[in-house]
Amino acid sequence: MKKVEISFADGLFDSEEIAGFVRKHKSYLEGVLSREKIYQDSLGWLDVAEWASDDALKKIEDRAREVRQDADVFVLIGVGGSNQAARAVISALPRENAPEILYAGNNLSADYLNKLLQALAGKSVYINAIAKNFETLEPGLSFRVLRQYLEQRYGGGAAARIAVTGTKGSSLQQLALDHGYTFFTFPENIGGRYSALCDVGLFPMAVAGIDIGKLVRGAQEMRARLLKEPAEENIAFRYAAYRNLLQLKDYRLEMLSFFEPRFYYFSKWWIQLFAESEGKDGKGVYPVAGNFSEDLHSIGQFVQEGRKMIFETFLDLSGQDSSLIIAGDDKHDYFDYLDGKDLWEINKLAFQATFDAHRKGGIPCLKLTLPELDEYYFGQLFYLFMVACYLSGKMLEVNPFDQGGVERYKENMFKSLGK
Ligand code: PA5
């Protein structure tokens with residue numbers, strides 16, 4: 001049966017070291033999966049069905065279908081956890097007959113927003129503003145600008161083009177009630193970076209033509225698997241344990257490395273998940289992405305020969321889903337050794353060559369293998385990494401669900417703006 005697999009760097013730990021660590025922490029697995037009390041206000045994502053039930057999916061899909069029928073462009077307004085999961089899937093799985101998806105509310109650049117507004121000219125525009133705490137400046141500001149744009153263009157018809165995703169009872173819901181916008185729920189018991197599998201992630205994905213039922217099924221089946229596997233075999237637990245063992249040996253940085261640019265925005269989701277969940281109390285492994293082969297020509301040098309503080313988790317897509325044969329011709333262009341070869345295979349050879357070179361260079365290399373890249377496996381990856389991150393935070397003895405550190409710059413900024 002096809003499934004997501006993980007392999008670990010060999011030879012770094014003796015078996016008793018690993019077994020001892022597993023014994024010490026294995027009770028966490030049961031606590032985590034049984035929705036332990038300590039974090040119950042943040043665990044709404046654990047039982048996938050709580051916020052992604054058949055009814056919830058139907059409501060999302062019905063509205064998404066209407067938007068898709070009329071929209072040329074759909075602007076997703078949100079930052080951090082409020083846009084990362086949707087952007088990861090939408091950018092990796094472009095679907096036909098879907099509106100163009102643009103992103104706003106994730107920076108404060110006048111140039112960016114001006115260009116985005118220019119790109120809307122002459123097109124049928126819909127927007128979705130997503131914010132759990134509707135005080136975040138980036139989405140709040142961009143929502144105002146885009147709402148005013150729609151009102152100028154469509155007058156009384158603007159409201160039908162606006163969806164907002166906020167918590168029940170929030171000022172964002174009040175705006176929806178006052179002005180007739182479509183309202184989606186940002187669950188109170190889910191934080192932004194854990195929100196892939198509820199209205200937050202699923203509505204924009206559905207507008208982009210993503211099969212959200214399949215994605216949710218992937219997550220549910222990963223959940224069933226994690227509930228079944230004992231700690232010693234559990235893919236989420238083992239990954240969490242391994243990265244903690246590595247950080248105890250002073251490996252301070254984890255690089256998620258991939259040879260498919262399709263994983264680029266997924267890596268941004270993953271970086272946010274681990275950075276905000278673990279980087280606190282002076283602790284944590286710093287998460288970065290290796291977008292190969294491009295980055296082999298820059299950071300590849302450091303990885304291979306620089307300070308030994310990095311470990312790598314390679315994302316490998318095993319099932320071939322594209323092909324490009326490099327045709328030979330009568331021009332001698334110095335690359336004749338490529339004649340007749342498939343670019344897919346060449347990329348795979350580059351993957352293996354890099355994996356071997358880094359491993360021999362003393363980099364602990366983990367490998368997560370995906371049989372295919374579709375909605376189902378995105379669902380599996382989201383769920384797997386969210387559970388692994390939660391477990392990893394517990395092993396590190398930090399709260400994986402808060403992010404007090406990001407408030408510091410906000411306090412300074414709000415003060416300067418006279419809020
Ligand atoms: O994971 C988180 O909770 C954060 O990254 C938030 O998603 C991010 O700060 C955006 O917050 P909000 O949705 O309240 O605008």
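Structure data summary
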{"read-out": "Nearest-20 debye value, the chain charge dipole, Cβ charges on Lys, Arg, Asp, Glu", "value": "1200"}
{"read-out": "Accessible area (Å², per residue) of the range 204-332, counting only protein heavy atoms and a probe of 1.4 Å", "value": "44"}
{"read-out": "Alpha-carbon centroid distance for the pair the range 42-60 / the range 253-296, whole angstrom", "value": "27"}
{"read-out": "For the chain, the fraction of alpha-carbon pairs in successive 20 Å shells from zero, as %", "value": "25, 54, 20, 1"}
{"read-out": "Cα gyration tensor shape for the range 216-321, rounded if a/c is under 1.5, else prolate or oblate", "value": "oblate"}
{"read-out": "GLU305 accessible area, assembled protein chains, probe 1.4 Å, Å²", "value": "130"}
{"read-out": "Packing-based ranking, highest mean first, of 19-26, 208-215 given that Cβ atoms within 10 Å are counted", "value": "208-215, 19-26"}
{"read-out": "Residues of the range 83-180: accessible area per residue with a 1.4 Å probe, Å²", "value": "46"}
{"read-out": "Shape category assigned to the range 87-165 from the gyration tensor of Cα positions, a/c cut at 1.5", "value": "rounded"}
{"read-out": "Within the chain, helix-based [θ] at 222 nm, where runs of 4 or more DSSP H residues each add -39,500 (n - 2.57), nearest 500", "value": "-15000 deg cm²/dmol"}
{"read-out": "Global geometry of the range 48-210, whether rounded, prolate or oblate, following the gyration tensor of its Cα atoms and the 1.5 cut on a/c", "value": "rounded"}
{"read-out": "Cross-link reach list, lysines versus LYS168, counting only Cα pairs under 17 Å and skipping chain neighbours closer than eight places", "value": "LYS59, LYS132"}
{"read-out": "Percent RCO, i.e. relative contact order, over the chain, from Cα pairs under 8 Å lying at least 6 residues apart", "value": "22"}
{"read-out": "Among ILE325, VAL216, GLY140 the positive-end extreme of the charge dipole of the chain (Cβ point charges)", "value": "GLY140"}
{"read-out": "Efficiency of FRET between LYS331 and GLU96 - r from beta-carbon atoms, R0 56 angstrom, step 0.05", "value": "0.95"}
{"read-out": "Size of charge dipole - the range 48-210 - debye, nearest 20, with Cβ of Lys, Arg +1 and Asp, Glu -1, no other charges", "value": "240"}
{"read-out": "Efficiency of FRET between ASP72 and ASP14 - r from beta-carbon atoms, R0 41 angstrom, step 0.05", "value": "0.10"}
{"read-out": "Residues GLN304 and TYR264, FRET efficiency given R0 of 22 Å [Cβ-Cβ distance, rounded to 0.05]", "value": "0.50"}
{"read-out": "Stretch gain in nm, segment ASP47-GLU221, where the contour uses 0.36 nm per residue and the Cα spacing is subtracted", "value": "61.5 nm"}
{"read-out": "Value of D in µm² per second that Stokes-Einstein yields for the range 267-419, Kirkwood Rh from Cα pairs, at 25 °C (0.890 mPa s)", "value": "130"}
{"read-out": "Projected label distance in nm at TYR112 and GLN174, using a 7 Å step from Cα toward the beta-carbon", "value": "2.8"}
{"read-out": "Accessible-area composition of the range 48-210, carbon plus sulfur, in percent [1.4 Å probe]", "value": "48"}
{"read-out": "All lysines inside 22 Å of LYS37 as judged from Cα atoms, apart from same-chain residues fewer than 8 positions distant", "value": "LYS24, LYS26, LYS228, LYS280, LYS394"}
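The values are calculated or read from the model by the stated rules, or taken from the named source; none is laboratory data. Model, not experiment: these values are computed from the prediction. Using ideal geometry, Cβ is built from the backbone for each residue, glycine included, and neighbour counts are taken over all protein chains shown. Just the protein is used for accessible areas: all its heavy atoms, side chains included, with ligands, DNA and RNA removed. Shrake-Rupley method; radii C 1.70, N 1.55, O 1.52, S 1.80 Å.
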